[in-house]
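Student: Pasting a structure below so you can have a look.
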Amino acid sequence: TQPDDLVEPRELRSWFAASMSELYRKEVPLYSSLLDVVSKVNQDKLKNDAALRQELENSDSLARLGLERHGAIRLGSDDELVELTAFLRLLDMHPVGYYDLSAPPAHLPIHATCFRSVTPSSLKYSPFRLFVSILRPDLLPADPSIRQMVQTSIRSRKLFPPEVAQLVAQAALHNHQLPRHSAEQLIKLAIPSFAFHARSALTSSEYALLAKSSLLLADIVAFPNPHINHLTPRTLDIDAVQDALVADPTFEAKAGGIEGPPPSKCPILLRQTSFCAVEETVPFSDGTIGKHAARFGEIEQRGAAVTPAGRALYDKMLASNSWGALLDKDWEALRTSGLIWVQYRPVPGAQKDNVVVSQPEGETLLPTIDQVISQLLADGKLFYAHQIYEDFLPLSAAGIFQSNLGTSSHRDTSLCTASSPTPGGPVTGREQLQDVLARAGAVLRDEMEVYKSVEEQSKRECVELFGIKTR
Ligand code: OOG
Ligand code: NI
């Protein structure tokens, strides 16, 4: 195979995202209606707000907005995660961030990570991300009949057909890329593994026992494969979309309930809300027919990624429910206070030869990179844009789980605490997850490190472009 026949991972990801959206449109017609509402609100917003349009352009969001989605899937075992990790690598999607859903307020026997791409050009091309949660056997309820049911259902399960593993192995020989024909095959073979197959190998009374203990367990264990449970479009005005959904009875949306920060002039992080779990008809193995709510709708509005200092401030404001100090700031104040991650770029037409930066002799007298960036900004040679928050919020995720697994009275109180770790083995949930990812050759990235390296790289590119030496 010639290297130029190989499909770029980011292109493969955009195919996958489009196929997933197509699948979900067919399976959940309300999703199509939701996309129409979101698209209309986004268009109206852009028509009336030229500054917002420019801001989106600067932050690389304008072109990707209409296609932007995140999905979520709940896996039954570490083995399923190994399969999924190897597959997503071919799409340039890597695990970023650790979410412990066993902690309050979620109290669920799972932990999670977000698979996404980590470079600006790849994100701009296709921002598709997947929130992947994994059942933790060490946190299952103590009831032996439940443990037994979980074990037998999950042990016999494979996420993908064997041909997917063969293609993944084939790609490993070519820098994790595939020729066009095989790449198309891969997507075609993988997509059905994310569909909801509404049949259960359990009897209705087994299902009832599981569901009584935890609807989450029933959702993960009662079906032949894990399924995508929502696909979320990005809106520019979540309050407007929410109002439109509440006004339209088909959506069964409830007013309020938006997770994340309150509305602000310069939005940070992530605001989201979920609604309307769709009830599916499920044939059980004993011939009876039951109901299970497997999928739901969700919308999100994304803002700037915040630094650790920004995140600490956000957490403080959230705890005290007093937002003044964070929500009144404009982008420049957020940047100069070191609260958000940004990317620097040359203004169009700025050239090396129209920039004057004094360059003293001797290494120690050279300016720091930050001094040069400040001067170039002040001279109008550079501009900056906030980086989009590409990740999730643990508290919001907990809220999303809770609202789609029934009311909090349904909370699983029979959860075990983690059993004591074996000597020399993983100690924390994060270490457990890292060990599983390592089996697929992946490393769990810290989201702050990803944003930081994007910002630093953009600074280096700017000073290099203008040929300026720094300390
Ligand atoms: C995932 C919930 C988390 C989000 O947007 O925070 C999530 C799930 O319910 O499986 O998707
Ligand atoms: Ni979500």
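The values are calculated or read from the model by the stated rules, or taken from the named source; none is laboratory data. These numbers come from a predicted model, not from an experiment. A quick note on method: Cβ atoms are made from the backbone with ideal geometry, for glycine too, and the neighbour counts reach across all protein chains shown. Accessible surface is based on the protein model in full, side chains and every heavy atom, while ligands, DNA and RNA are left aside. Shrake-Rupley method; radii C 1.70, N 1.55, O 1.52, S 1.80 Å.
Student: Provide the per residue accessible area, probe 1.4 Å, for the chain, rounded to a whole number of square angstrom. Walk me through the intermediate numbers first.
Tutor: On the way: 21030 Å² over 471 residues.
Per residue, the chain has 45 Å² of solvent-accessible surface.
Student: In the chain, how does Rg compare with the Kirkwood Rh, expressed as the Rg/Rh ratio over alpha carbon atoms?
Tutor: 0.99
Student: Same structure, new question: Give me the percent relative contact order of the range 64-157, please, defined on Cα pairs under 8 angstrom at least 6 residues apart.
Tutor: Worked out over the range 64-157, it gives 34 percent.
Student: Pairs of Cα atoms under 8 Å, at least six residues apart: use those to get the relative contact order of the chain, whole percent.
Tutor: About 20 percent, as a whole number.
Student: Quick one: with all protein chains in place, what share of the accessible area of the chain is carbon or sulfur, to the nearest percent (1.4 Å probe)?
Tutor: Carbon with sulfur: 54 percent of the solvent-accessible area.
Student: Taking only the alpha-carbon atoms of the range 149-199, what semi-axes of the equivalent ellipsoid follow from 5 times the gyration tensor eigenvalues under a square root, in whole Å, largest first? Let's see the in-between values first.
Tutor: Details: eigenvalues 142, 38, 8 Å².
Working through the eigenvalues yields semi-axes of 27, 14, 6 Å.
Student: So, one more: Note the direction-averaged projected area, equal to a quarter of the hull surface, for the Cα convex hull of the range 1-105, in nm².
Tutor: That works out to 10.9 nm².
Student: Now, a different point. For the range 196-260, just say rounded, prolate or oblate: build the C-alpha gyration tensor, square-root its eigenvalues into a ≥ b ≥ c, call rounded for a/c under 1.5, and beyond that prolate if a/b exceeds b/c, oblate if not. Before the final figure, lay out the partial values.
Tutor: Values: a/c = 2.86, a/b = 2.41, b/c = 1.19.
Here the range 196-260 falls in the prolate category.
Student: Rg to Rh for the range 248-361: what is it, with Cα atoms only and Rh by Kirkwood?
Tutor: A ratio of 1.26.
Student: Moving on. What order do you get for 155-163, 7-15 when each peptide is scored by the mean count of other beta carbon atoms within 10 Å, highest first?
Tutor: On the way: 155-163: 14.2, 7-15: 19.7.
Order by mean packing, descending: 7-15, 155-163.
Student: Here's a follow-up. Check residue 117: other-chain or 5+ apart residues with amide H under 5 Å from its amide H, H built from backbone geometry?
Tutor: Residues meeting the amide H criterion: 94.
Student: Next question, about the same structure. Normalising by the residue count of the range 215-291, find the relative contact order in percent from Cα pairs under 8 Å and 6+ residues apart.
Tutor: 16
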